[in-house]
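Quick notes on the structure that follows.
A short reminder: the numbers here are calculations on the coordinates, not readings from a lab. What you are looking at is a predicted structure, and each value in this text was computed from that prediction instead of being measured. We place every Cβ from the backbone using ideal geometry, glycine too, and count neighbours over all the protein chains shown.
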Amino acid sequence: MRLSQQPLILVLVAFAAASMMLPAIVALGMEDFRTARSFFYASIVGLVMALMVSLARGKQPWTGRNTDLIGLLSLLAAYVLIPAFLAIPFVESLPSTTYLNAYIEMVSALTTTGAQIFESGRLPPALELWRAQVGWMGGLMIWVAAAAVLAPLNLGGFEVTLAAVSANSGTEVERFRRAGILRRVIRSFVQLAPVYATLTAILWLLLLINGDNALVALCHAMSTMATSGISPVGGLPNGESGIAGEMVIFLFLIFALSRVSFTTDTSVSRFGLHMDPELRLGTLIVLGVPTLLFLRHWIGAFEVNAGEDLGLGLRAFWGALFTVMSFLTTNGFESGDWDAAQAWSGLGTPGMILMGLAIMGGGVATTAGGVKLMRVFALYLNGLQEMQKLVHPSAVSGMGSVARRIGRQGAYHAWIFFMLFALTIAGLMFLLALFGQEFEQATVLAVSALTTTGPLLALATETPIQILDLNLGAKLVFAGGMILGRLELLAFVALLNADLWRD
């Protein structure tokens, strides 16, 4: 049997089953035998079932003329069905919870949302690791799927750019398009997985050096690379690495601003890092918003006669800088100096700012969610050109090498996506309100789900929103919103396209 001839969803299930061995080994080492048995048995059952299905299929190749449709449906099935399997050892290890809560927890992790249902400290260490590990695998899956599934369909932000699949020669592009979906996935996985794992390992070692213990450092490293924001200790302020650890994490969050920072496998990577518009726009936001917040903080400090404390002011600036970077990349880690900055300035929780940053999102084909910086850049260019036409109606000017990355209809597609995104937020808010949520809670839940930024539930409102307190309908709507936010609405619109279903 050849791996490339198996259904993609079957391979993903087998990979998920094999990954359960790591928390089983960790639980066994800590003498948590119930958790170890739960993960070991689930892993064996999953691997045996995958093997039996592959044997039952025989040598029948899993190929078809409509490779793009198979890939998109497999990705959708992965986000809907695989969490149901991942939740089995979770609920078996934690009998006090329900299967629905465990399922939503796994959906949250796999979509890199990181909306933690269970408070830190309640779970055994193996389950804390499993939560972060699933988020890490979800980040790798979207890295690979961006090039293998979404790019050939011009989805996920690629619709804004001139070309999608590859930055190589035309022959290789066509060969990649004609290849089976699993061949595409394997090719992208072989190229990206070593980079992803190496960066995670480096960040883990750096956090260990700065004082975090092995479990906390590993979970934070996985959550940073996946932008899931999952923490076994309730966030960075409760860790031991301090500001040094935050600085290290800040550097690694750059990989969520632009795909250029880690690969050149798609058209969004054709220019150098210094010419990348996403990285430029992200840098402007990361520096500009904290500066404005710092000025607001400084004015507030003078109002309470604390403006002479320069050290506290610098800590406030760093807290704003890190938190803005974290929420722009939809990671959601909070700086340890964020509360100090608010107390210093007298400023309340700036939930609207954090939600705005999450909506703007990170780079195309990264682990970040949101609208994506490339679409924002396309809308900015279109607005700039329209204003230039108002001043000089007959002027003819070039777009420049950076702007030429945007397709002719790029701004049009970006605007359509932005309107669909806004309508989807309104729709989710309506459904959440229908199931008893107040306006503020419904807004935060909808934005958190669609931008895959779970920590918004704790930081965007004065009173943190607890998913455990939601009723059945609200939980299901929130889970659906997370899947919709990870795949983006355009992918679901593409499934309604009749041309995609034709052989």
Using 0.36 nm per residue of separation minus the Cα-Cα distance, give me the extension gain between residue 295 and residue 420 in nm, one decimal.
41.5 nm
Tabulate in residue order the Karplus-calculated ³J(HN,Hα) for segment 355-362, using 6.51 cos²θ - 1.76 cosθ + 1.60 with θ = phi - 60°, rounded to whole Hz; enter x for Gly and Pro.
5, x, 5, 5, 5, 5, x, x
Which FRET efficiency value, to the nearest 0.05, do you get for residue 213 and residue 284 by plugging their Cβ-Cβ distance into 1/(1 + (r/R0)^6) with R0 = 22 Å?
0.05
What's the FRET efficiency of residue 275 with residue 499 using the Cβ-Cβ distance as r and R₀ = 35 Å, to the nearest 0.05?
0.50
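Gain in length, residue 412 to residue 492, computed as 0.36 nm per residue apart minus the alpha-carbon separation, to one decimal in nm?
Values: separation 80, 0.36 × 80 = 28.80 nm, distance 1.87 nm.
Extending this stretch completely gives an extra 26.9 nm.
How high is the relative contact order of segment 435-503, in percent, with contacts defined as C-alpha pairs under 8 Å that are six or more residues apart?
On the way: 43 pairs, mean separation 23.3, N = 69.
The normalised contact order for segment 435-503 reaches 34 percent.
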The long-range amide H neighbours of residue 454, using H built 1.01 Å from N in the peptide plane and a cut-off of under 5 Å, are 114, 115
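How long is the gain from residue 44 to residue 191 if the chain were fully straight, where each residue apart is worth 0.36 nm and the alpha carbon distance is subtracted? Each step should come with its number before you reach the end.
Values: separation 147, 0.36 × 147 = 52.92 nm, distance 2.84 nm.
Extra length available between residue 44 and residue 191 comes to 50.1 nm.
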Separation of the residue 205 and residue 463 label points, Cα + 7 Å toward Cβ, nm
4.8
Can you pull the one-decimal nm distance between simple spin-label points at residue 34 and residue 96, each 7 Å off the Cα toward Cβ?
1.0
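What does the charge dipole of segment 410-501 about its Cα centre add up to, to the nearest 20 debye, if the Cβ of each Lys and Arg holds +1 and the Cβ of each Asp and Glu holds -1? Spell out each step's value before the answer.
Working: 2 positive and 6 negative charges, 35 e Å.
In debye, rounded to 20, segment 410-501 gives about 160.
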